[in-house]
1. State whether the residues of the range 22-30 include one that is in a loop (DSSP other than H, G, I, E, B), touching a residue at least 12 places away in the same chain (Cβ under 8 Å), surrounded by 15 or more Cβ atoms within 10 Å (Cβ to Cβ) and within 25 Å of the chain's Cα centre (by Cα).
2. From 406, 386, 428, which residue is in contact with a strand residue (DSSP E or B) (Cβ under 6 Å, 6 or more places away or on another chain), within 30 Å of residue 494 (Cβ to Cβ), modelled with pLDDT of 95 or more and hydrophobic (A, V, I, L, M, F, W, C)?
3. Test residue 154 against the criterion of being among the hydrophobic types (A, V, I, L, M, F, W, C) and out of contact with any strand residue (DSSP E or B) (no Cβ under 9 Å at 6 or more places or on another chain), and give yes or no.
4. Name the residues in the range 400-410 that are more than 19 Å from the chain's Cα centre (by Cα) and among the aliphatic types (A, V, I, L, M), would you?
5. Do we find a residue being in a strand (DSSP E or B), in contact with a helix residue (DSSP H, G or I) (Cβ under 9 Å, 6 or more places away or on another chain) and buried (at least 17 other Cβ atoms within 10 Å of the Cβ) anywhere in the range 443-459?
6. Output the number of the condition that residue 233 fails; it satisfies all remaining conditions of (1) part of a helix (DSSP H, G or I); (2) open to solvent by 30 Å² or more (accessible area, probe 1.4 Å); (3) not charged (D, E, K, R).
7. Applying the selection to the range 460-504, what residues are in a helix (DSSP H, G or I), modelled with pLDDT under 95 and closer than 20 Å to residue 396 by Cβ?
8. Out of curiosity, is residue 191 touching a residue at least 12 places away in the same chain (Cβ under 8 Å), buried (at least 19 other Cβ atoms within 10 Å of the Cβ), on the phi < 0 side of the Ramachandran plot and not hydrophobic (A, V, I, L, M, F, W, C)?
Amino acid sequence: MLIPRPLSLVRRPGTFALGPRTLVRGPDELVAALRRELAGAALPLSTAIANPEGRIELDLDPRMAAERYLLSIGPSAIRIVGGTRAGVLHGIQSLRQLLPPAIYRRAPVPGVRWEVPCVHVVDEPRFPWRGGMLDVGRHFMPKDFLFRFVDLLAIHKFNVFHLHLTEDQGWRFESRRYPRLMEVGAWRRETRGDATPHGGFYTQDDLREVVAYASEREIAIVPEIDMPGHTQAVVASYPEFGNDPEHPVGVATGWGVMEEVLNLEEPTLRFCEEILEEVMDVFPGPHVHIGGDECPTTQWAASERAARRMRELGIEDVARAQPWFTRRIAAFLAERGRRLVGWDEVVEEAPLPGATIMGWRSQEHGLNAARMGQEVVMTPLFRTYLTIGATPARTEPGGWRLALSLDEVYAYEPAPPELEAEARERVLGTQFGMWTEFIDTPRDLEVMAFPRACALAEVAWSPPERDLADFRRRLGSHLARLDALGVNYRPPDGLRPWQRVAPRDDAIGEEDSDQSR
């Protein structure tokens with residue numbers, strides 16, 4: 001009953017029962033991770049028991065692929081082996097799913113028998129990039145929810161948390177060099193006429209805490225600082241970085257594409273570089289996202305200062321201003337060992353060597369970027385943006401007048417067979433997107449994300465062959481885990497698990513006896 005579905009699962013006779021005399025063996029950091037993930041069972045899981053009743057062995061095998069794992073459960077022993085620490089953690093998550101759903105609760109539930117079926121699982125992900133994007137620019141989310149978002153990603157074997165930190169409507173990253181970004185840019189006076197101020201930001205120490213928490217769970221955080229568009233909050237804070245400083249603007253209060261963009265002058269480029277230096281100091285990963293989408297050229301075209309600057313730089317057409325800006329920032333990041341990530345507009349004019357592209361406007365935009373030689377993360381809005389409601393009735397809190405069903409998400413294919421083999425190798429994976437124009441609370445966000453995020457987890461992890469009926473059957477059991485976690489999901493059939501016919505207690509039925517792929 002695993003989600004995402006493993007490469008191979010074979011049922012064996014018998015069960016293994018965890019108890020107070022279960023012995024654990026393995027490297028200290030792996031044992032600590034096991035105890036953390038099985039904390040709901042409130043068992044000692046000791047590494048020193050004279051006469052143990054069953055044992056759990058954790059090990060690393062460098063001959064295995066990095067995220068590959070083996071989970072072997074017999075009546076007297078459980079063995080989890082991974083190519084790296086990440087592989088072992090994936091195996092632990094699979095073990096956790098095989099236990100009763102109460103394992104996901106924060107306090108022990110009395111009377112639960114912590115028993116798992118005997119199985120042999122061999123598993124590894126299809127794609128190296130399996131992510132979830134959270135927009136905190138439109139609506140600020142409390143820091144505690146960032147930790148919860150990490151936990152929900154880890155449970156589903158996602159490994160990338162794309163954190164969208166800045167927008168026209170709000171700046172959420174503490175800059176110690178540019179304090180007005182927090183004093184002005186982090187707050188808007190209202191949202192679409194509601195007369196209620198909204199805002200907030202994360203301190204650098206807040207974000208370091210989240211980075212460390214995610215790293216313990218083998219999840220990389222990719223920060224996004226938008227430039228040169230989606231920057232009205234910047235220009236509201238520092239008008240000199242805009243194109244019309246004599247007519248200051250406020251932080252945006254509505255949605256859509258704003259015309260405010262950064263100017264092309266050297267002090268503004270230095271501002272961008274200094275902000276990115278602070279970002280890189282907080283986020284140690286190799287990828288830094290600079291947005292690059294929806295950047296109007298209206299202000300550049302109307303500005304004599306911009307025209308003068310473009311002549312100095314040899315930019316003959318205003319359409320080439322953004323590519324020049326992006327190449328400048330890409331070179332800056334590359335000199336510091338980082339790789340620029342951008343939305344697919346950043347390669348609209350020409351390829352951008354070394355950059356990772358997120359194909360969002362359509363499937364074809366992402367595939368074309370792969371054909372151009374770019375590494376690509378496929379996240380087309382009509383297939384992976386879970387801000388879109390699950391039904392045309394729009395019963396969820398999202399405001400997009402579209403529909404994207406659970407079945408449609410599950411059917412999505414990031415690397416279709418018609419894509420040439422060489423280009424297919426450049427498809428790193430996929431991710432879901434949670435944009436928050438119309439989502440202002442964590443509970444509303446969860447009801448939009450789940451269980452469709454479970455479907456995309458399987459798209460990103462499992463072999464390309466799909467069995468919707470099998471997925472829906474496994475999802476029925478998985479929803480009980482989400483209930484134990486308190487996730488405010490949208491039931492795909494309108495019923496909560498306790499309203500359905502209860503699944504068998506043996507966790508895996510005859511139809512699961514061999515899930516080999």
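1. Among the residues of the range 22-30, not one is in a loop (DSSP other than H, G, I, E, B), touching a residue at least 12 places away in the same chain (Cβ under 8 Å), surrounded by 15 or more Cβ atoms within 10 Å (Cβ to Cβ) and within 25 Å of the chain's Cα centre (by Cα), which makes the answer no.
2. Values: 406 fails: in contact with a strand residue (DSSP E or B) (Cβ under 6 Å, 6 or more places away or on another chain); 428 fails: within 30 Å of residue 494 (Cβ to Cβ).
The unique qualifying residue is 386.
3. yes
4. Scanning the range 400-410 gives 402, 403.
5. There is no residue in the range 443-459 that is in a strand (DSSP E or B), in contact with a helix residue (DSSP H, G or I) (Cβ under 9 Å, 6 or more places away or on another chain) and buried (at least 17 other Cβ atoms within 10 Å of the Cβ).
6. Among (1) part of a helix (DSSP H, G or I); (2) open to solvent by 30 Å² or more (accessible area, probe 1.4 Å); (3) not charged (D, E, K, R), residue 233 violates only (2).
7. Listed by number, the residues that qualify are 497, 499.
8. yes
The values are calculated or read from the model by the stated rules, or taken from the named source; none is laboratory data. Just so you know, these numbers come straight off a predicted model, no measurement behind them. Every residue, glycine as well, gets a Cβ built from its backbone with ideal geometry; the counts of neighbours run over all protein chains shown. Keep in mind that these areas ignore ligands, DNA and RNA; they rest on the heavy atoms of the full protein, side chains included. Shrake-Rupley method; radii C 1.70, N 1.55, O 1.52, S 1.80 Å.
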